[in-house]
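**Q** Sharing a structure here in structure tokens format.
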Amino acid sequence: MGFLRIRTTVDERPGRLASLASALAARGGNILGLSVQSDADGTVDEFVADIPASPEAVREALEAVGGRRVQVVPATAHELTDEPTRALLLASRLRTTPWRLPELLAELLRADDARWVYGEPVSDLPDPTLLVVPVAQRRAVRLRRAGLPFTLTEAARAAGFARLAQPAPRSAAERPVKLADGAEVTVRPLTSIYREAVRDLHDRCSPEARRFRYFTSMPALPPRTFDRLCDRGRGFSLVAGHDGQVVAMANLMFTPDPGVAELALLVEDRWQGLGLGATLARMLVRQARDLGYAEVRATLLADNARMRGLLTTLGATLGHTEDPAIVEARLPVGALASA
């Protein structure tokens with residue numbers, strides 16, 4: 001048959017990629033390109049392969065080794081170009097001709113159609129072959145791709161690409177935030193200079209607040225853990241300060257899962273219920289979006305009602321884990337408004 005673009009959703013387990021590759025090899029396939037993407041209900045593996053088998057035979061082979069929602073469409077030799085290089089070239093073109101954003105987005109995602117839409121809602125659409133990329137409050141680009149549904153990773157790539165056509169945002173190094181009771185805190189990135197202030201925050205937090213954050217009433221944060229939270233190569237963290245004290249800390253940690261970052265919050269007891277946790281969570285989800293992540297997850301104790309409510313309000317879905325005392329929240333970065 002020639003070149004095929006093959007996409008399948010799989011559950012995370014050791015050896016799953018090898019099983020898919022072996023199934024393609026058994027049909028005479030030569031894998032020429034591979035990408036791994038995050039989506040709402042699993043990991044999406046996408047292959048470009050030179051394979052003599054029919055699309056139906058390829059689909060049956062991958063389903064036999066655990067592939068779900070297998071989709072096979074024709075591909076061309078042009079699609080074998082190095083993907084990072086292709087994206088960089090498109091980004092360069094966008095910087096010089098930002099008005100061509102729809103056209104270049106379509107080229108980036110290999111969409112069939114792309115056009116500006118005005119004044120329409122930009123919330124998630126039920127049709128997975130449509131993708132709306134917010135650009136301004138009442139302006140967006142709508143993409144259509146009939147052959148392959150868009151994944152969460154592709155949505156994050158599109159959002160990051162679109163921001164190249166927008167003016168540079170104001171520096172977020174320091175931001176004042178007014179809370180529900182009228183008090184004002186200042187949010188800054190976590191750095192090593194806050195070591196003592198974070199230690200004092202843990203001292204002032206109740207055992208329950210620490211248990212909700214760490215799953216144990218950890219009286220002090222180990223120095224090695226604090227250093228890891230400050231490491232920009234491993235994540236991005238914020239602290240909220242008031243009157244010389246750190247009153248809350250929010251952590252976004254990168255994970256080995258493609259396109260996934262993990263969120264955690266610690267808010268001093270007397271500052272809870274004022275909207276501070278939700279504000280910090282929104283900031284970190286937008287930071288994850290800007291870094292190209294598709295999804296933010298949080299692992300929390302089932303009896304942490306406040307955190308469950310906060311994440312649900314932001315658009316997260318809650319799911320059970322193997323431990324009945326632990327819940328996992330999953331939040332696509334596109335669930336938040338683009339502002």
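**Q** Give me the residue from region 59-85 that is more than 12 Å from Val10 (Cβ to Cβ) and in contact with a Lys or Arg (Cβ under 6 Å, 6 or more places away or on another chain) and, out of that set, surrounded by the most Cβ atoms within 10 Å (Cβ to Cβ).
**A** From region 59-85, those more than 12 Å from Val10 (Cβ to Cβ) are 59-61, 64, 71-85; that's our starting set.
Still in the running and in contact with a Lys or Arg (Cβ under 6 Å, 6 or more places away or on another chain): 61, 71-73, 75.
On the way: Ala61: 22, Gln71: 18, Val72: 24, Val73: 14, Ala75: 20.
So the residue we want is Val72.
**Q** Still on this structure: Could you grab the pairs with beta carbons closer than 6 Å, sequence gap of 6+ or different chains, first residue in region 297-310 and in a loop (DSSP other than H, G, I, E, B), second one among the aliphatic types (A, V, I, L, M) and surrounded by fewer than 16 Cβ atoms within 10 Å (Cβ to Cβ)?
**A** Ala302/Ala325
**Q** Among Ala250, Ala281, Ala294, which is the only one that is open to solvent by less than 50 Å² (accessible area, probe 1.4 Å), in contact with a Ser or Thr (Cβ under 9 Å, 6 or more places away or on another chain), closer than 25 Å to Leu314 by Cβ and at pLDDT 95 or above?
**A** Working: Ala281 fails: in contact with a Ser or Thr (Cβ under 9 Å, 6 or more places away or on another chain); Ala294 fails: at pLDDT 95 or above.
On inspection, the qualifying residue turns out to be Ala250.
**Q** Could you give me the residue pairs with C-beta distances under 7 Å whose first residue belongs to region 162-180 and is on the phi > 0 side of the Ramachandran plot and assigned to a strand (DSSP E or B), whose second residue is at pLDDT below 60 and open to solvent by 90 Å² or more (accessible area, probe 1.4 Å) wherever it lies, and which are 6+ apart or on separate chains?
**A** Sorted first by the residue in region 162-180, then by its partner, the list stays empty.
**Q** Would you check if there is a residue in region 121-144 being out of contact with any Asp or Glu (no Cβ under 7 Å at 6 or more places or on another chain), in contact (Cβ under 8 Å) with a residue 40 or more places away in the chain and farther than 25 Å from Gly259 by Cα?
**A** yes
**Q** In addition: Before we move on, is Thr186 touching a residue at least 24 places away in the same chain (Cβ under 8 Å), β-branched (Val, Ile, Thr) and either crowded, with 16+ Cβ neighbours inside 10 Å or not in a loop (DSSP other than H, G, I, E, B) (or both)? Step through it out loud before you land on a result.
**A** Working: touching a residue at least 24 places away in the same chain (Cβ under 8 Å): yes; β-branched (Val, Ile, Thr): yes; either crowded, with 16+ Cβ neighbours inside 10 Å or not in a loop (DSSP other than H, G, I, E, B) (or both): yes.
Against the criterion (touching a residue at least 24 places away in the same chain (Cβ under 8 Å), β-branched (Val, Ile, Thr) and either crowded, with 16+ Cβ neighbours inside 10 Å or not in a loop (DSSP other than H, G, I, E, B) (or both)), Thr186 qualifies.
**Q** Would you say Ala155 is modelled with pLDDT of 85 or more and loosely packed, with under 15 Cβ neighbours inside 10 Å?
**A** Numbers: modelled with pLDDT of 85 or more: yes; loosely packed, with under 15 Cβ neighbours inside 10 Å: no.
No.
**Q** Within region 10-30, take every residue that is touching a helix residue (DSSP H, G or I) at 6+ places or on another chain (Cβ under 6 Å) and over 30 Å from Leu331 (Cα atoms) and give me the one that is surrounded by the fewest Cβ atoms within 10 Å (Cβ to Cβ).
**A** Restricting to residues being touching a helix residue (DSSP H, G or I) at 6+ places or on another chain (Cβ under 6 Å) and over 30 Å from Leu331 (Cα atoms), the top hit is Arg27.
**Q** Being outside any strand (DSSP E or B), β-branched (Val, Ile, Thr) and farther than 14 Å from Gly2 by Cα is the filter here, so list the residues in region 21-72 that pass it.
**A** Correct list: Val65 only.
**Q** Does Ile6 qualify as being hydrophobic (A, V, I, L, M, F, W, C), more than 27 Å from the chain's Cα centre (by Cα) and open to solvent by less than 40 Å² (accessible area, probe 1.4 Å)? Working first, answer last.
**A** Details: hydrophobic (A, V, I, L, M, F, W, C): yes; more than 27 Å from the chain's Cα centre (by Cα): no; open to solvent by less than 40 Å² (accessible area, probe 1.4 Å): yes.
It is false that Ile6 is hydrophobic (A, V, I, L, M, F, W, C), more than 27 Å from the chain's Cα centre (by Cα) and open to solvent by less than 40 Å² (accessible area, probe 1.4 Å).
**Q** On to the next question. Return the residues of region 298-319 that are open to solvent by less than 40 Å² (accessible area, probe 1.4 Å) and either at positive phi or out of contact with any Gly (no Cβ under 9 Å at 6 or more places or on another chain) (or both); say none if nothing qualifies. Quick ask: steps written out before the conclusion?
**A** Step one: filter region 298-319 for residues open to solvent by less than 40 Å² (accessible area, probe 1.4 Å), giving 298, 300-302, 304, 307, 309-311, 314-316, 319.
Across region 298-319, the qualifying residues are Ala298, Leu300, Leu301, Ala302, Asn304, Gly309, Leu311, Leu314, Gly315, Ala316, Gly319.
**Q** Which ones in region 31-56 are over 24 Å from Pro126 (Cβ atoms), open to solvent by less than 40 Å² (accessible area, probe 1.4 Å) and either free of Cβ contacts under 8 Å to residues at least 24 places away in the same chain or of a type in the set (Gly, Ala, Ser) (or both)?
**A** First, the residues of region 31-56 that are over 24 Å from Pro126 (Cβ atoms): 31-36, 45, 47-56.
Restricting the remaining residues to those that are open to solvent by less than 40 Å² (accessible area, probe 1.4 Å) gives 33, 35, 45, 47-49, 51, 53, 55.
Gly33, Ser35, Ala49, Ala53 - these are the residues of region 31-56 that are over 24 Å from Pro126 (Cβ atoms), open to solvent by less than 40 Å² (accessible area, probe 1.4 Å) and either free of Cβ contacts under 8 Å to residues at least 24 places away in the same chain or of a type in the set (Gly, Ala, Ser) (or both).
**Q** Name the residues in region 202-220 that are closer than 15 Å to Glu268 by Cβ, at pLDDT 90 or above and out of contact with any strand residue (DSSP E or B) (no Cβ under 9 Å at 6 or more places or on another chain), would you?
**A** Within region 202-220, Asp203, Ser206, Pro207, Glu208 meet the criteria.
The values are calculated or read from the model by the stated rules, or taken from the named source; none is laboratory data. Every value quoted in this text rests on a predicted model; they were computed, and no experiment measured them. So basically every Cβ, Gly included, is an ideal-geometry build from the backbone, and we count neighbours across all protein chains shown. These accessible areas exclude ligands, DNA and RNA; they are computed on the full protein's heavy atoms, side chains included. Shrake-Rupley method; radii C 1.70, N 1.55, O 1.52, S 1.80 Å.
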